[in-house]
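The values are calculated or read from the model by the stated rules, or taken from the named source; none is laboratory data. Bear in mind that the values here come from a model prediction, so they are computed numbers and not experimental data. When we count neighbours, we look across all protein chains shown, and the Cβ atoms used for this are built from the backbone with ideal geometry, even at glycine. Accessible surface is based on the protein model in full, side chains and every heavy atom, while ligands, DNA and RNA are left aside. Shrake-Rupley method; radii C 1.70, N 1.55, O 1.52, S 1.80 Å.
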Amino acid sequence: MFDKILIANRGEIALRILRACKELGISTVAVHSTADADAMHVRLADESVCIGPPPSKDSYLNIPALLAACEITGADAVHPGYGFLSENARFAEILADHNLHFIGPKAEHIRLMGDKIEAKKTAKRLGIPVVPGSDGAVTPDQDAMAIARAIGFPVLVKAAAGGGGRGMKVAHTEADLQLALTTAANEAKSAFGDASVYLEKYLQKPRHIEIQVLGDGRGGAIHLGERDCSLQRRHQKVWEEGPSPVLDAAARAKIGNTVAKAMQELKYIGVGTIEFLYEDGEFYFIEMNTRIQVEHPVTEMITGIDLVLEQIRIAAGGDLPMAQDAVTINGHSIECRVNAENPVSFRPSPGKILQYHPPGGLGVRIDSAVYQGYVIPPYYDSLVGKLIVHGKSRVECLMRLRRALDEMVVDGIETTLPLFRALVREPAIIDGDYHIHWLEQYLAGQKAD
Ligand code: ADP
């Protein structure tokens, strides 16, 4: 097992990792920018190192500073969390070159899945169903039109290096295609430094359903069921739940086993998520995330498995926590991402939290790094915290979420809590009857009247 882990992240996920380390008896090193000197992860870690000024590129993305922090503190492993350097294959290699352990998958798998075109080819080869589309990158001078016609309109132009919904444009008709190709390529070039784009059939009312996997790197892999993340705004997840209201045990086992088998073949190590769109009873692979995800607590609540702890144990050479047939899904869980944003305009609202009261009671969990008097800095994402609830059934879970949301107080800044208080009372949400465009349509309707 590792002796000392450096946590190359901030906010709630840094705290989440720190908690797992403490339960494993591993010493912790927090790193922080000058803007985060008072952050909770810094206060609770055994040691901390300032790695630079506020901009992420000078601090949380600053590889030389992180290496120096490992050197000074004698850390033997690095946990990257999510975002920042978590899907940077080069970072994993550099750490290995310095005899430091990257808590994550092999660099080759990060690289493979980071290129969406290669990822899709690999998924297909491993027997995972994919969205119909171009076989690889398309260029405007290539016969993109012929490919699009063959797929059938509407088509989606997507960036090979994509992430966070950037570099994605829909072409509803043939007349839209040229513009969609150039704008997606330009956006991809400026966001990722890579203008390659590909085409996919644009699904009209799919759900976003993702499968959590855990691999041991030696050919063992299990799946831990799904999370339904269909409630999205600008391709960003807002509310996640598990199990999905539309899957039964047989459908879960079928897709789960397909994915687990693929991970066994890859000899994948650590946690990973295979993301699908789901429409008319069919799954379509869109991407794989080779890291812990924001919404991982949903799976923890319904399986009882501590994913971050297992991630660390497995990275240190440990075995999978259990065999597939010992994995059971208990009850229902929902996570709300509470952001420091105006709940109508979604304008960021950084600043000082004057009053803070997290809800409590049976089946209520808050993953957050804020406290009363904490100042949310303007430099990073606007997540205040995740409210996660668990109930024996979806109905119990919704009722518990309703009362937990009503109890929660975050004053001094604007938050998206009012949005969630409205969502939890919406008939379509209560019925589980929503798709990936539902929230945007709902918000457009709200603004209209
Ligand atoms: P990113 O890596 O930028 O997040 P993804 O491929 O994961 O991109 O897609 C993000 C979101 O975009 C999906 O959750 C879904 O809402 C939408 N999306 C992606 N592909 C399609 C598609 N073929 N048809 C319809 N919507 C899609």
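Summary of computed values
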item	result
Hits in the range 328-382 (condition: open to solvent by less than 40 Å² (accessible area, probe 1.4 Å), touching a helix residue (DSSP H, G or I) at 6+ places or on another chain (Cβ under 8 Å) and aliphatic (A, V, I, L, M))	334, 338, 364, 369, 370
Of residues in the range 438-449 being surrounded by 14 or more Cβ atoms within 10 Å (Cβ to Cβ) and of a type outside the set (D, E, K, R), the one farthest from residue 245 (Cα to Cα)	443
Helices (runs of 4 or more DSSP H) wholly inside the range 382-449 containing at least 3 residues that are without any contact (Cβ under 8 Å) to a residue 40 or more places away in the chain and either small (Gly, Ala, Ser) or at positive phi (or both)	438-448
Unique match (being open to solvent by 20 Å² or more (accessible area, probe 1.4 Å), part of a strand (DSSP E or B) and not assigned by TED's automatic domain parsing to the domain that holds residue 268) among 49, 31	49
Residue list for the range 1-23, restricted to those being more than 12 Å from residue 103 (Cβ to Cβ) and in a helix (DSSP H, G or I)	11, 12, 13, 14, 15, 16, 18, 19, 22, 23
Which numbered condition residue 184 fails, given (1) outside the structural domain of residue 336 (by TED's automatic domain parsing); (2) open to solvent by less than 10 Å² (accessible area, probe 1.4 Å); (3) near the ligand (Cβ under 9 Å from one of its atoms); (4) not β-branched (Val, Ile, Thr)	(3)
Tabulated pairs, the range 218-231, first under 19 Å from residue 270 (Cβ atoms) and outside any strand (DSSP E or B), second open to solvent by 10 Å² or more (accessible area, probe 1.4 Å) and at pLDDT 95 or above, C-beta under 7 angstrom, 6+ apart or interchain	218/267; 219/264; 219/267; 220/264; 220/320
Unique residue being touching a His at 6+ places or on another chain (Cβ under 6 Å) and touching a residue at least 40 places away in the same chain (Cβ under 8 Å) when the list is 117, 103	103
Residue, surrounded by the most Cβ atoms within 10 Å (Cβ to Cβ), within the range 383-403, restricted to residues that are under 14 Å from residue 335 (Cβ atoms) and β-branched (Val, Ile, Thr)	389
Test: residue in the range 284-294 that is of a type outside the set (D, E, K, R), open to solvent by 20 Å² or more (accessible area, probe 1.4 Å) and free of Cβ contacts under 8 Å to residues at least 60 places away in the same chain	no
Complete set of residues in the range 134-156 that are closer than 30 Å to residue 84 by Cα and within 10 Å of the ligand (Cβ to nearest atom)	156
Residues within the range 152-173 that are open to solvent by less than 30 Å² (accessible area, probe 1.4 Å) and not in a strand (DSSP E or B), tallied	3
Looking only at the range 228-241, and only at residues there that are closer than 14 Å to residue 293 by Cα and not aromatic (Phe, Trp, Tyr), the one that is farthest from the ligand (Cβ to nearest atom)	241
Verdict on residue 19 being of a type outside the set (A, V, I, L, M, F, W, C) and under 22 Å from residue 293 (Cβ atoms)	yes
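Rundown of residues vs (1) over 19 Å from the mean Cα position of the chain (by Cα); (2) under 17 Å from residue 211 (Cβ atoms); (3) not hydroxyl-bearing (Ser, Thr, Tyr), yes/no style:
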| position | (1), (2), (3) |
| --- | --- |
| 299 | no, yes, no |
| 327 | yes, yes, yes |
| 342 | yes, no, yes |
| 351 | yes, no, yes |
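One line per residue, one yes/no per condition, for (1) under 17 Å from residue 315 (Cα atoms); (2) β-branched (Val, Ile, Thr):
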| position | (1), (2) |
| --- | --- |
| 83 | no, no |
| 87 | yes, no |
| 99 | yes, no |
| 109 | yes, no |
| 114 | no, no |
| 131 | no, yes |
| 134 | no, no |
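Yes/no matrix, rows are residues, columns are (1) among the β-branched types (Val, Ile, Thr); (2) away from the ligand (no atom under 11 Å from the Cβ); (3) closer than 28 Å to residue 263 by Cβ; (4) modelled with pLDDT under 95:
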{"position": "160", "(1), (2), (3), (4)": "no, no, yes, yes"}
{"position": "165", "(1), (2), (3), (4)": "no, no, yes, yes"}
{"position": "173", "(1), (2), (3), (4)": "yes, yes, no, no"}
{"position": "191", "(1), (2), (3), (4)": "no, no, no, yes"}
{"position": "195", "(1), (2), (3), (4)": "no, yes, no, yes"}
{"position": "199", "(1), (2), (3), (4)": "no, no, yes, no"}
{"position": "213", "(1), (2), (3), (4)": "yes, yes, yes, no"}
{"position": "226", "(1), (2), (3), (4)": "no, yes, yes, no"}
